[in-house]
Amino acid sequence: METVTEGTELPAEIAAEAERHDLMTLGIEEEYLLVDATEPRAVEAVDAVFAELPDDLRPSVQQEYYRSQIEVASPPRLELGELHDAMRTLRSGLAAATERAGARLIAVGTGPAAGPNLRIVDKPRYHQMRERFGDLSPGQGMCGTHVHVSIPDPETGVQVLNHLRPWLPVLQAAAANSPLYGGRDTGYASWRSMLWERWPTVGPTPYLQSHEHYLTLISDLEASGAMLDEGMLYWYARLSASYPTVEIRMGDVTPTLDDAMLLAALARGLVATLVREVRAGVEAPDVPSPLLRAAHWRAAHDGLEGVNIDMATREPRPAWRLMRQLFDYVRPELERHGDLETATLLMGRLRSNGTGAARQRAILAAGEPVDAVVDWLARTTRGEE
């Protein structure tokens with residue numbers, strides 16, 4: 001859902017430094033699930049968690065659609081290390097507040113265990129959404145990661161959105177972290193992706209002619225009733241309604257900060273690379289929407305452990321080969337932003353450990369129950385593994 005969090009404006013000194021060196025700033029939003037202290041089921045604990053939050057964290061935390069969810073938004077940062085520190089503080093502080101409230105915080109795309117449908121947060125907008133769209137969202141919550149990368153202006157941002165389209169399936173595959181739902185393996189690395197696509201405005205960003213075209217589509221979609229307002233524009237990449245950023249938002253929330261920082265670094269490297277292509281007059285490939293949807297379906301099904309579609313050749317390739325191709329493509333901007341060493345290390349860790357989906361399945365394959373998966377997710381969310 002849409003996030004507008006206090007305290008996330010870009011400080012003037014960071015903005016000046018970014019502009020002086022033509023660098024992009026980064027921000028992350030993460031949604032988490034609240035589960036019972038001893039059982040793997042989701043619980044309506046958000047009000048109790050807020051009551052336990054320390055004052056310094058409150059500006060960066062907000063409620064989400066369900067009472068079993070909570071969301072954080074980092075301040076924008078220029079240095080990846082500073083973003084990591086900010087997110088570590090948010091994750092650990094929120095996990096501690098959740099435990100004081102008698103629950104646990106887990107970074108996972110969907111509720112792994114069976115449980116009853118839970119109530120939505122008591123906000124007029126959410127009640128409006130429920131009245132208009134009914135039971136499109138399952139009653140525990142779906143949790144994603146949104147990466148914000150600064151852009152020089154909306155017109156450039158729209159052209160970047162066009163260039164992003166072929167690359168987003170591999171980022172979605174890298175973020176896959178929801179293989180379990182209702183206490184069983186769904187057969188998908190990201191079951192959240194399949195549930196999320198039931199909303200009428202979820203899907204790949206269409207090929208856009210201009211910023212004016214972008215605004216016209218928003219107006220038309222609002223008039224159609226498919227969304228209440230611009231905050232419900234759930235394309236996999238969009239211009240933020242609140243900040244001068246491109247927002248990449250198709251991925252599950254990742255179990256570890258390592259995974260989240262790798263996605264953030266790659267997202268910035270990709271946007272920065274594409275801004276240069278836009279400035280050079282390079283036209284974005286107009287990938288057919290059906291093929292793009294197929295690639296996103298494949299990302300949700302296979303994660304990085306299977307195959308995806310090489311958009312240049314339109315042929316299936318090992319997803320990890322496409323991930324390496326993306327890394328090599330953005331390498332110059334990773335280096336220019338000072339992220340190359342860290343991103344290289346984190347790529348190696350992801351290659352060794354696997355995605356969140358692969359790690360959850362490994363626990364089950366060892367004969368452990370779903371409870372053990374949730375225990376592991378709670379530890380990794382706190383930063384203990």
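Observations on the structure shown:
- Residues (open to solvent by 10 Å² or more (accessible area, probe 1.4 Å) and either at pLDDT 95 or above or not in a loop (DSSP other than H, G, I, E, B) (or both)) located in the stretch 98-121: GLU99, ARG100, ALA101, GLY102, ARG104, ILE120
- Selection count, the stretch 36-77, where residues are of a type in the set (A, V, I, L, M), in a loop (DSSP other than H, G, I, E, B) and either under 18 Å from ILE120 (Cα atoms) or touching a His at 6+ places or on another chain (Cβ under 8 Å) (or both): 2
- The stretch 130-163: number of residues that are more than 20 Å from GLY109 (Cβ to Cβ) and aliphatic (A, V, I, L, M): 5
- Odd one out for PRO59, checked against (1) more than 16 Å from the chain's Cα centre (by Cα); (2) in contact (Cβ under 8 Å) with a residue 60 or more places away in the chain: (2)
- Residue match in the stretch 137-144 (condition: exposed (fewer than 15 other Cβ atoms within 10 Å of the Cβ), more than 28 Å from HIS211 (Cα to Cα), out of contact with any helix residue (DSSP H, G or I) (no Cβ under 7 Å at 6 or more places or on another chain) and touching a residue at least 60 places away in the same chain (Cβ under 8 Å)): no
- Screening the candidates TYR214, TYR188 for the property of being over 19 Å from the mean Cα position of the chain (by Cα) and either crowded, with 17+ Cβ neighbours inside 10 Å or at pLDDT below 95 (or both) yields one hit, TYR214.
- Of all residues making up the stretch 115-131, the number that are touching a residue at least 12 places away in the same chain (Cβ under 8 Å) and farther than 16 Å from VAL202 by Cα: 11
- Residues satisfying the stated conditions in the stretch 269-314, i.e. farther than 27 Å from GLY356 by Cβ and acidic (Asp, Glu): GLU277, GLU283, ASP286
Yes/no per residue for (1) in contact with a Leu (Cβ under 6 Å, 6 or more places away or on another chain); (2) crowded, with 21+ Cβ neighbours inside 10 Å; (3) among the aliphatic types (A, V, I, L, M):
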{"residue": "SER240", "(1), (2), (3)": "no, yes, no"}
{"residue": "TYR243", "(1), (2), (3)": "no, no, no"}
{"residue": "THR256", "(1), (2), (3)": "no, yes, no"}
{"residue": "ALA267", "(1), (2), (3)": "no, yes, yes"}
{"residue": "SER289", "(1), (2), (3)": "no, no, no"}
{"residue": "ARG293", "(1), (2), (3)": "no, no, no"}
{"residue": "TRP297", "(1), (2), (3)": "no, no, no"}
{"residue": "ARG314", "(1), (2), (3)": "no, no, no"}
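- Contact map, the stretch 67-82: first residue farther than 29 Å from ALA103 by Cα, second residue open to solvent by 40 Å² or more (accessible area, probe 1.4 Å) and small (Gly, Ala, Ser), Cβ cut-off under 8 Å, separation 6 or more or different chains; pairs are GLU79/GLY338; LEU80/GLY338.
- Cβ-Cβ distances below 7 Å connect the following pairs, each with a first residue in the stretch 236-251 that is of a type in the set (Gly, Ala, Ser), a second residue that is open to solvent by 10 Å² or more (accessible area, probe 1.4 Å) and assigned to a loop (DSSP other than H, G, I, E, B), and a separation of six or more residues or different chains: ALA241/GLU2; SER242/VAL4.
- Top-ranked residue of the stretch 359-385 - restricted to ones that are out of contact with any helix residue (DSSP H, G or I) (no Cβ under 8 Å at 6 or more places or on another chain) and of a type in the set (Asp, Glu), ranked as surrounded by the most Cβ atoms within 10 Å (Cβ to Cβ): ASP375
- Looking only at residues of the stretch 269-284 that are open to solvent by 10 Å² or more (accessible area, probe 1.4 Å) and assigned to a helix (DSSP H, G or I), we find that the one that is nearest to LEU80 (Cα to Cα) is THR273.
- Which numbered condition HIS84 fails, given (1) at pLDDT 95 or above; (2) farther than 15 Å from THR145 by Cα; (3) assigned to a helix (DSSP H, G or I); (4) open to solvent by 20 Å² or more (accessible area, probe 1.4 Å): (2)
The values are calculated or read from the model by the stated rules, or taken from the named source; none is laboratory data. These figures come from a predicted structure and were not determined experimentally. Note: ideal-geometry Cβ built from the backbone for every residue, glycine included; neighbour counts use all protein chains shown. Areas reflect the complete protein model, heavy atoms only, side chains present, ligands, DNA and RNA absent. Shrake-Rupley method; radii C 1.70, N 1.55, O 1.52, S 1.80 Å.
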